[in-house]
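Inspection log for the structure reproduced underneath, given as structure tokens.
Readers should treat all values here as calculations from the given coordinates under stated rules, not as data from a laboratory. Treat the numbers as computed from the prediction; the structure is a model and nothing was measured. No Cβ is skipped: glycine too gets one built from the backbone with ideal geometry, and neighbour counts run over all protein chains shown.
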Ligand SMILES: [Zn+2]
Ligand SMILES: [Zn+2]
């Protein structure tokens, strides 16, 4: 089981505040996370738990973007203590045998433990600097930098090209395009 892929759950949650307005949004988030099999068990408790986790993950990504590695690790350790891993194999809802990282029963338990273990795996395997927030204002969406040269600065191609256009315009305005530099 490749835990690093679970870190995408953390990114998806941080970048989907609109999905946490109600249960309909949460069901959409579930589809987007690739785990629709768990949709039948969603409740208000899941919504509250995921809202709380989103706030904490946002603070964690902000600390990472600020280069505060110690704070990132402290926040992750606190989350790991609160959401311990208890691996179990399940075939609920007619699905094939698959691993649950915890047998908490609630969708949010699975999601939270997956997201937290995924981030812990990225941080210890690749480095804290692999977590970031998009640097094309005013975006600030979270991303994982899995590039080989740690060069990622934007959440998407769209934000990267928007930032490039803005930089080009700024240079042009300053007359630096004509000066040959
Ligand atoms: Zn399951
Ligand atoms: Zn962006």
Q. Ranked highest first by average number of other Cβ atoms within 10 Å, how do 139-152, 88-101 line up?
A. 139-152, 88-101
Q) Spin-label point model (7 Å from Cα, Cβ direction): what's the residue 174 to residue 82 distance in nm? A) 4.3
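Got a sec? How would 68, 18, 46 order by Cβ neighbour count within 10 Å, fewest to most?
With the fewest neighbours first, 68, 18, 46 line up as 18, 68, 46.
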Q.
Contact order normalised by length for the chain, with contacts defined as Cα pairs under 8 Å and 6 or more residues apart; what percent is it?
A. 23
**Q.** Kirkwood Rh and Cα Rg combined as Rg/Rh, the chain
**A.** 1.06
**Q.** Rounded to 10°, Cα long-axis angle of helix 69-82 versus longest principal axis of the chain
**A.** 20
Q. How are the C-alpha pair distances of the stretch 63-145 spread across 10 Å bins, as whole percents from the shortest bin up?
A. 17, 39, 28, 14, 2
Q. If you wrap a convex hull around the Cα atoms of the stretch 114-181, how much volume per residue is inside, in Å³?
A. 107
